[in-house]
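Take a look at the structure set out below.
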There are 4 protein chains.
Amino acid sequence: MKRSVFILGGDLRQETLKTLLEKENFDVTALGLSEGKFPLDKIKKADILIFPIPASSDGETLNAPISKVKVALSDIIGRIDKNCLVLGAKMPKNAEKMLNDRGIMYIDYFSREELIIKNAIPTAEGVLEIALSEMPITIFGSRVLVIGYGRVGKVIAEKFGLLGAEVTVSARKCGDFAWIEEKGQKAVHTEKLSDVLSEFDLIINTVPARILDENALKKVKNETLILDVASKPGGVDFEAAKKLGKNVIWALSLPGKTAPITSGKIIKETIMNILSETEV
Amino acid sequence: MKRSVFILGGDLRQETLKTLLEKENFDVTALGLSEGKFPLDKIKKADILIFPIPASSDGETLNAPISKVKVALSDIIGRIDKNCLVLGAKMPKNAEKMLNDRGIMYIDYFSREELIIKNAIPTAEGVLEIALSEMPITIFGSRVLVIGYGRVGKVIAEKFGLLGAEVTVSARKCGDFAWIEEKGQKAVHTEKLSDVLSEFDLIINTVPARILDENALKKVKNETLILDVASKPGGVDFEAAKKLGKNVIWALSLPGKTAPITSGKIIKETIMNILSETEV
Amino acid sequence: MKRSVFILGGDLRQETLKTLLEKENFDVTALGLSEGKFPLDKIKKADILIFPIPASSDGETLNAPISKVKVALSDIIGRIDKNCLVLGAKMPKNAEKMLNDRGIMYIDYFSREELIIKNAIPTAEGVLEIALSEMPITIFGSRVLVIGYGRVGKVIAEKFGLLGAEVTVSARKCGDFAWIEEKGQKAVHTEKLSDVLSEFDLIINTVPARILDENALKKVKNETLILDVASKPGGVDFEAAKKLGKNVIWALSLPGKTAPITSGKIIKETIMNILSETEV
Amino acid sequence: MKRSVFILGGDLRQETLKTLLEKENFDVTALGLSEGKFPLDKIKKADILIFPIPASSDGETLNAPISKVKVALSDIIGRIDKNCLVLGAKMPKNAEKMLNDRGIMYIDYFSREELIIKNAIPTAEGVLEIALSEMPITIFGSRVLVIGYGRVGKVIAEKFGLLGAEVTVSARKCGDFAWIEEKGQKAVHTEKLSDVLSEFDLIINTVPARILDENALKKVKNETLILDVASKPGGVDFEAAKKLGKNVIWALSLPGKTAPITSGKIIKETIMNILSETEV
């Protein structure tokens, strides 16, 4: 018998997820993906239940921008069958506690290693799009600084390098410096960033820590574009930047914006991995 | 003594050109690059005179979008000194004839090999920008067809390949096929295009000939983005495409739009090459 | 009815060619590819006859290093049927004239554009092999000069660049300089080579003209490896190099040495193109 | 006052290290790097003492292939000053214990992250050299399997991919699979290797565990080249391979063989990092 998968809320990513899971021979139901009512009682039939990214945008109700219904997470969770596997992303703390209290198995697919790595590609492409759109010079030949050498920083640095930018990456570890140089990029120690900040046409921050504070921003040229892709609180002192007249863009959640269909495909692949490991 | 260079009309590209030529130790005058009057009489002092791209947008008056003055090309050409070197781009036929009749040396910098090659980079970046902005999937992993393997086609195919697209290139010559495969791309004969047109997420035409006619367009999937960068008449039957509901964008003059400062730099480098060859 | 193809002489390349042509549904006979006798009379049955590379190594007899038979080209040509298509490479002048006089169709597959381009890959890999074997430093980070930007020079420069060398290419045309820079390499005018010759760890010549003469060689450091892949007379004054104690290797006919099976495959693809064009 | 560095034994790598450390303003003494006597008593003057790679090849005496002297490690260690910093590689257990017992600070530079990463480049180039030399086909277009996605596997896979091989990498983790695909390579789970072993022209093992046992080797084609770069015990059942007639090369210590000068430079950079961290 086919397992029944419920997809709750979401946007084009979840529509893609629905199409792809149907091809995998699940019995797929989407609630809150189109306009209309939201039949809460059906939820108890789900073997697998998938929340959108984020599960809620207000901390209380389901994130369902297409259907516009307002359904409380607690109303949903109260109806989930005890043997159901729940998959979610950025789940509010109290909702996660409620799942826990009811003894329901919950897995955060958004913190899976492979999803984070695969999402780095649409993130990097979103950064490219903004840079291409905002800068009056070509990426080819431009001087680009990438702050942070985590998964997102690595892919951003790679893509700009491939397009012919002179890429410098800031990091803190000898091993990272060795990899950066192996990739044909220049390495700079994050503690020495302020010595070089004036040299770039484009500065991309990937570190969620206030690295570009007022003093640092003062070293940046006015023509330089600063792109922050770090999640809250971000890496830039945005008020200081505004005061100093710097050109800053805070670009969040790029995968869903730039490439929603690819993002849906990545979610699907991640969920398939989770299912093969949990063997529900 | 410094040679005197006059830059006529234009936009941010000509402003960049002005700044860069000043660094090369010319005595640079820009007319029609800012709002205000246009002192025609000064033109006779020019040793070198540079028209914008295109020289005229209406076939009669100087292309001067920033200053908004209306100055007839004939009024300009009538005042040029006989020993002046005139550099232009897309010059109207009658204006070129007038220069000729007066015995003034005229060189078309826009048809120089190195300018065309260097401009292929901002063109390709402009195509990337549109693809990133319009497509709901990542370029990474997308299936891209590039029609034509001239200078622009080569660079577009290269950039998309570097970003992880599966690139197919259409061409007609055995030698081109060999190069395409050497670059890790697939080759298809232009005469067999219609067999494969349904396989792509993105089709980029670079050939100024009606290759994507109604019959060809019918084979293209509705989700496919078609980007035409060929100059007039373009390579797409735009009316048929509209009727068939295909997603077509005709993107012209990308270098000046995407990267005006880099474009100005390219113009400057080309002009320096011309000057070193003519030894004016 | 299957067409009959005769393969004469040669080495592992021709063995590969034989295997591949058999798969294309030809009736293939190899003469002089193994030890034993060489039945000259059979030649008249050939619809297509393929000479090896080169057709002769002494100008008189067939190049047949495996079989070691000595068969005069004139004895072969005298027996070819008038309707046979003859394909050859580096055919001696008098043999070509004899074919001509007899009115036999002769095509030089070795000068086909696609073969020259495809052969540039094994040539470049052969150069890599020598460089890896002879140099005490990694190609990654080494400073490499490629003299000449023809088909072979382009592919060599590309491969070394991909492996992380700092590549400089010498050329003479503005258009070539633009391409070289588009590839992320440095360009130098061939006439200014002597200014930079002392800067490289590896110098690769692809131009069949005496560019590295005694004066030029004096500028090259003693630790530098000089690799000449240009056909006779080569680009290096080998006597002067020896006298000066320079480290020079003249590497000829690399495709057949480094990758005979791939070379055979390239010959086969070229011959298939010729046949489809001539529709024999 | 300059710190005194003693370099013991070794080969061209240590000669390079000596030259480079002299430029860093150390007082450098090399013992056992040239023919002649080995003045043991001088050792007590060392502030920093550097053993070669490996420190000993017989477990007892210093590895000094150029000088050919036989000096016991115990004789050296007995004479080291208590405040000296000792840097070594693959130090025999009893020698390390002796240093420990004497309270001398000992650091293994050969297990430093940055050295392992940087050495992956000459290792990969050494693998390239062997593949180019041994295979009758070009790397371009060949099908290559890399077993293991550690630091060496990553760099080998990258280099072969850049040269146009179709690269498959075996790994075990979802995160590794995501990275492998991001690099444009195919991923295969190590447990499913036997399903695909017959598909490759070249198999490169980087994992020091008996993955290619007799059963696995039986699946490999006879034309396939198997290259094992894993340290002892290696990843191939060499006896079974011999019996089965497989073409296996066990390539160890490639950096010192392929690129001794680059290797010396890498050792120097690693030692400079260690010194800046220990602030001796």
### Query
Whole-Å semi-axes of chain B's equivalent ellipsoid, largest first, each the root of 5 times a Cα gyration tensor eigenvalue?
40, 19, 17
### Message
Apply the Karplus curve 6.51 cos²θ - 1.76 cosθ + 1.60, θ = phi - 60°, to the phi angles in region C:200-213 and return the couplings in whole Hz, x for Gly and Pro.
### Response
10, 8, 9, 10, 10, 9, 10, 9, x, 8, 5, 7, 8, 8
### Query
So for the pair D:VAL196, C:LYS82, with labels modelled 7 Å out along Cα→Cβ, what separation do we get in nm?
5.9
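Please give me, ordered by residue number, the GluC sites (Glu not before Pro) of region D:21-130 that lie in loop per DSSP and have at most 11 other Cβ atoms within 10 Å.
Values: sites: D:GLU22, D:GLU24, D:GLU35, D:GLU60, D:GLU96, D:GLU113, D:GLU114, D:GLU125, D:GLU129; in loops: D:GLU24, D:GLU35, D:GLU60.
Within region D:21-130, the qualifying GluC sites (Glu not before Pro) (loop, at most 11 other Cβ atoms within 10 Å) are D:GLU35.
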### Query
Which residues in region A:228-264 place their backbone N less than 17 Å from a point set 7 Å from the Cα of A:LYS93 along the Cα-to-Cβ direction?
A:232-233
### Task
Count, for each residue of D:66-77, the Cβ atoms from other chains sitting within 10 Å of its Cβ, then give me the mean as a whole number.
0
### Summary
Copies of D:LYS70 compared via label points 7 Å along Cα→Cβ give distances in nm, shortest first, of 5.9, 9.1, 10.3
### Query
Taking Cα atoms of region C:75-217, Rg/Rh with Kirkwood Rh, to two decimals?
1.14
### Query
Where the only charges are on Cβ atoms (+1 Lys, Arg; -1 Asp, Glu), what is the dipole of the protein assembly as shown about its Cα centre, to the nearest 20 debye?
0
### Message
Just to confirm a number: summing +1 for Lys and Arg and -1 for Asp and Glu over residues other than D:LYS246 whose beta-carbon lies under 14 angstrom from that of D:LYS246, what do you get?
### Response
-3
### Query
If R0 is 51 Å, what FRET efficiency do you get for D:ALA72 and A:LYS257 from their C-beta distance, rounded to 0.05?
0.15
### Task
Along Cα-to-Cβ, 7 Å out, sits the label point; list in nm, shortest first, how far the one on B:ARG3 is from those in the other copies.
5.8, 5.8, 7.5
### Query
Assigning unit charges at the beta carbon (Lys, Arg +1; Asp, Glu -1) and nothing else, what dipole magnitude in debye, to the nearest 20, does region B:89-128 show about its Cα centre?
180
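So what's the net charge close to B:LEU227: Lys and Arg +1, Asp and Glu -1, counting the other residues with Cβ under 12 Å from its Cβ?
That sum, taken over residues with Cβ under 12 Å, equals -3.
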### Message
What does DSSP give for chain A in terms of the percent of beta bridges that are antiparallel, rounded to the nearest 5?
### Response
5
### Summary
Surrounding charge for D:ASP27, neighbours by C-beta under 14 angstrom, Lys/Arg +1, Asp/Glu -1, total +3
#### Entry: Relative contact order %, chain B, counting alpha carbon pairs below 8 Å whose residues are six or more apart
16
### Summary
Under the helix-only model (-39500 (n - 2.57) for each DSSP H run of 4 or more, divided by the residues of chain D), the mean residue ellipticity at 222 nm, to 500 deg cm²/dmol, is -11500 deg cm²/dmol
### Summary
In degrees rounded to 10, the 0-90 angle between helix D:113-134 Cα long axis and the longest Cα principal axis of chain D is 50
### Query
For region C:1-112, what relative contact order do you get, as a whole percent, if you take Cα pairs closer than 8 Å and at least 6 residues apart?
26
## Note on the structure
Rounded to one decimal in Å, the inverse mean reciprocal Cα-Cα distance for region B:47-91, i.e. its Kirkwood radius, is 10.9
### Task
Please list the non-local residues whose amide H lies under 5 Å from the amide H of A:ASN247, H modeled 1.01 Å from N, same-chain partners needing a gap of 5 or more.
A:ILE226
### Query
Each label point is 7 Å from the Cα along the Cα-to-Cβ direction; what then is the distance between the points at A:SER111 and C:ALA209, in nm?
6.8
### Task
Could you pull out which residues in region B:177-199 have an amide N less than 17 Å from a spot 7 Å beyond the Cα of B:LYS221, following the Cα-Cβ vector?
B:194-199
## Note on the structure
Inter-chain shielding metric for A:172-180, i.e. average beta-carbon neighbours from other chains within 10 angstrom, reads 6
### Query
If the chain between A:LEU40 and A:LYS232 were fully stretched, how many nm would it gain, using 0.36 nm times the residue separation less the Cα-Cα distance?
65.8 nm
### Query
Taking Cα pairs under 8 Å and at least six residues apart, what relative contact order does region D:208-249 come out at, in percent?
53
#### Entry: Per-residue mean of C-beta atoms belonging to partner chains within 10 Å, peptide A:258-268
4
### Query
For region D:1-148, what is the percent of antiparallel DSSP beta bridges, rounded to the nearest 5?
5
#### Entry: Spatial extent of region C:93-170: Rg and Dmax, with the Cα atoms as the point set, Å
18.0, 57
### Task
Would you mind working out the magnitude of the charge dipole of chain C relative to its Cα centre, with +1 at each Lys and Arg C-beta and -1 at each Asp and Glu C-beta, to the nearest 20 Debye?
460
#### Entry: Using θ = phi - 60° and Karplus 6.51 cos²θ - 1.76 cosθ + 1.60, couplings along region A:9-18 (whole Hz; Gly, Pro as x)
x, x, 9, 4, 4, 6, 4, 4, 4, 4
### Task
Would you mind estimating how fast region C:176-243 diffuses translationally, via Stokes-Einstein at 10 °C and 1.306 mPa s with the Kirkwood radius over Cα pairs, in µm²/s?
125
### Query
Counting only Cβ atoms, what residue of chain B lies nearest to the axis that sends chain B onto chain D, and how many whole Å off?
B:GLY184, 5
### In Å, descending, principal axis extents of the Cα set of the protein assembly as shown
88, 80, 76
### Query
In whole Hz, what ³J(HN,Hα) sequence does region A:162-172 give by Karplus (6.51, -1.76, 1.60; θ = phi - 60°), x for Gly and Pro?
4, 7, x, 6, 8, 9, 10, 10, 9, 8, 10
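Values in this text are rule-based calculations from the coordinates and carry no lab data. What you see is a predicted model; the values in this text were computed from it and never measured. Note that each Cβ is placed from the backbone with ideal geometry, even for glycine, and that neighbours are counted across all protein chains shown.
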